[in-house]
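Colleague: Would you mind keeping the following structure in view while I ask a few things?
The values are calculated or read from the model by the stated rules, or taken from the named source; none is laboratory data. Given the structure is predicted, the values throughout are model-derived calculations rather than measurements. Note: ideal-geometry Cβ built from the backbone for every residue, glycine included; neighbour counts use all protein chains shown. In case anyone asks, the SASA skips ligands and DNA or RNA and just uses the protein heavy atoms, side chains included. Shrake-Rupley method; radii C 1.70, N 1.55, O 1.52, S 1.80 Å.
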Amino acid sequence: MDYAALGKRIRDERLLQRLTLEKLAEKTNKSINFIGQIERGEGKPSLETLVDIANALGVTVDSLLQDNVKTGADDMTEEVAALMHTMDDTGKQFLLDMARRYLYYHQAEKDDA
């Protein structure tokens, strides 16, 4: 969990709405210090606190967590990058050629449809 990214997103949303730390703390029934810690990535809010903050800001929890959610495509990209890191230049060139051919033929299929 990237608490720094979560805190930044909360802070950005709070500032966008021109809310002070004090006002957000009041709306969530949390202390100013705790909200500040969360915004700095030092505090780890519970799910309940995260929902309270989202409700106070009028946003969804998933919008606050979007920097923390990885898709399957992200995992595959990381895996491909890790594999390529272990290859020599010939292996990297081979994979690059295969990817280009795949895109060439895949695009041709789309154009025919």
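Colleague: Rolling a 1.4 Å sphere over the protein heavy atoms, what is the accessible area per residue of the chain, to the nearest Å²? The partial results should precede the final answer.
Modeller: On the way: 8340 Å² over 113 residues.
Heavy-atom SASA per residue in the chain reads 74 Å².
Colleague: Explain nothing, just the number: dipole magnitude of the chain about its Cα centre with +1 on each Lys and Arg Cβ and -1 on each Asp and Glu Cβ, in debye rounded to the nearest 20.
Modeller: Numbers: 15 positive and 21 negative charges, 127 e Å.
Dipole of the chain, to the nearest 20 debye: 620 debye.
Colleague: Could I ask something else about it? Projected onto the charge dipole of the chain (+1 at Lys/Arg Cβ, -1 at Asp/Glu Cβ, origin at the Cα centre), which of Leu15, Ser63, Leu50 gives the Cα projection farthest towards the positive end?
Modeller: Leu15
Colleague: Please work out the FRET efficiency for the pair Ser31 and Asp2, using the Cβ-Cβ distance as r and a Förster radius of 22 Å; give the result to the nearest 0.05. All intermediate terms of the calculation are to be shown ahead of the outcome.
Modeller: Numbers: r = 23 Å, r/R0 = 1.05.
About 0.45, to the nearest 0.05.
Colleague: While we're here: With an 8 Å Cα cut-off and a minimum separation of 6 or more residues, compute the relative contact order for the chain in percent.
Modeller: Working: 69 pairs, mean separation 29.3, N = 113.
In percent, rounded to a whole number, it is 26.
Colleague: Determine the share of segment 1-63's accessible area contributed by carbon and sulfur atoms, expressed in whole percent, with a 1.4 angstrom probe. Present the calculation step by step, with values, prior to reporting the outcome.
Modeller: Numbers: 1830 of 3840 Å².
Exposed carbon and sulfur together represent 48 percent of the surface.
Colleague: For Rg and Dmax of the Cα atoms in Å, the listed values are [x] 16.4, 48; [y] 17.2, 59; [z] 21.8, 61; which was obtained by calculation from the structure presented?
Modeller: Label of the calculated value: [z].
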